[in-house]
Ligand SMILES: CC(C)(COP(=O)(O)OP(=O)(O)OC[C@H]1O[C@@H](n2cnc3c(N)ncnc32)[C@H](O)[C@@H]1OP(=O)(O)O)[C@@H](O)C(=O)NCCC(=O)NCCS
């Protein structure tokens, strides 16, 4: 993708995603104008310049498919994948995926991604090329009242805003819990040049980092994540803190289906399920310890 392709790719992300959901009897994902999805190009190019492949129709010059990817020290993450509905089922997504797997293989790295369990087209796309689900997550949304949720927190845990000097600890914690490293993502969130990110963390009385959780608040994507936590109490405390930031709004967050305390807490605050996602990997994978909360901005698993 070149800079001059951004508008067309943003339009493709908007149209392809909404068309798929409509055709499959579900609610559209992007409710605002096509310009909203420019956010993907902006954030992904800020993070990983030049890491988006497009498939162009030789006859018309039209962009038929696009896929972003995020190379990191420990893995390559697959970003948002879209094919234009006029080109569905012609092997375009499969070709883009093959290229990105090749890029990862050249560096002996696994590819990681998050994909919908309700979208058999994307599940099959990844399964055919050797990916297997590693964890299941429930996507939950919560309409946060204007006056806030008034959640009672665990008194022994303190949640505070993250600062640049916390990044090393955050990267180390994620390496320990999940075996992946992506310091530059955390630096990007905390630097927050766009004014849409917020990152909180939780330390114990000895100052040891127990978890962190970011969020993005933009009309194209209102999500809480990515984050990791040593245990569910820490995850619940950080989630409650993040939700206060979304008063009068409806953020989405992903919780491991096995995180019973976190899931039940979210239900008790009024959250509802909207989808199920799988994290997937095609190579070396360390089963995570603690609680993992992925997001789609940027896609993480
Ligand atoms: C999901 C999506 C990207 C697929 O794009 P596509 O170009 O139509 O996919 P492809 O034609 O490359 O097909 C992918 C593979 O799935 C296979 N496949 C599709 N349905 C299948 C099924 N029910 N069982 C088994 N395999 C199936 C195809 O045969 C193909 O494998 P092959 O190339 O080895 O034959 C496209 O539907 C899309 O953009 N959807 C909207 C956005 C979206 O959902 N993105 C994914 C987010 S994770």
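Please report, in cubic angstrom per residue, the volume enclosed by the convex hull of the alpha-carbon atoms of segment 51-198. Walk me through the numbers on the way to the answer.
Working: hull volume 28.3 nm³, N = 148.
Taking the convex hull of the Cα positions in segment 51-198, it is 191 Å³ per residue.
Counting each DSSP H run of 4 or more residues in the chain as -39500 (n - 2.57), what helix-only mean residue ellipticity at 222 nm follows after dividing by all residues, to the nearest 500 deg cm²/dmol?
-10000 deg cm²/dmol
Using only alpha carbons, build the gyration tensor for segment 151-220 and give me the equivalent ellipsoid semi-axes, biggest first, whole Å.
Working: eigenvalues 83, 58, 23 Å².
So the three semi-axes of segment 151-220 are 20, 17, 11 Å.
Expressed as a rounded percentage, what relative contact order does segment 66-173 have, with Cα pairs under 8 Å and six or more residues apart? Present the calculation step by step, with values, prior to reporting the outcome.
On the way: 66 pairs, mean separation 19.9, N = 108.
Rounded, it is 18 percent for segment 66-173.
How do 188-199, 77-88 rank on mean C-beta neighbours within 10 Å, highest first? Write down the numbers at each step before the final one.
On the way: 188-199: 16.1, 77-88: 20.9.
Result, highest mean first: 77-88, 188-199.
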(request) Find the Cα radius of gyration of segment 153-301, compare it with 2.2 N^0.38 Å by division, and give the number to two decimals. (result) 0.97
(request) Can you bin segment 106-190 into rounded, prolate or oblate? Criterion: square roots of the alpha carbon gyration tensor eigenvalues sorted a ≥ b ≥ c, rounded for a/c under 1.5, prolate for a/b above b/c, oblate for the rest. (result) oblate
(message) Give me the one-decimal nm value for the distance between modelled label points at residue 103 and residue 158, 7 Å along each residue's Cα-to-Cβ direction.
(response) 4.2 nm
(request) On a C-alpha basis, how far is the centre of segment 244-272 from the centre of segment 144-173 in Å? Whole number, if you could? (result) 15 Å
(message) From Cα pairs below 8 angstrom and at least 6 apart in sequence, can you work out the relative contact order of segment 139-293, rounded to a whole percent?
(response) 34 percent
(request) Please report how far the C-alpha centroid of segment 8-72 lies from that of segment 98-123, rounded to the nearest whole angstrom. (result) 17 Å
(request) Distance between Cα centroids, segment 186-237 to segment 275-289: provide it in whole Å. (result) 20 Å
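Looking at segment 139-293 only, what percent of DSSP beta bridges run antiparallel? Nearest 5 please.
Numbers: 27 of 29 bridges.
Just about 95 percent of them are antiparallel.
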(message) Given 4 °C and 1.567 mPa s, compute D for segment 3-109 with the Stokes-Einstein relation, Rh being the Kirkwood radius over Cα pairs; round to the nearest whole µm²/s.
(response) 90 µm²/s
(request) Compute the normalised compactness of the chain: alpha-carbon radius of gyration over 2.2 N^0.38 Å, N being the residue count. (result) 0.97
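Taking Cα pairs under 8 Å and at least six residues apart, what relative contact order does the chain come out at, in percent? Write down the numbers at each step before the final one.
Numbers: 585 pairs, mean separation 66.2, N = 301.
Reported relative contact order: 22 percent.
None of the figures in this text is laboratory data; all of them are computed from the coordinates on show. Everything quoted here is computed from the prediction, not taken from an experiment. FYI the Cβ positions are ideal-geometry reconstructions off the backbone, even for glycines, and counts take in every protein chain you see.
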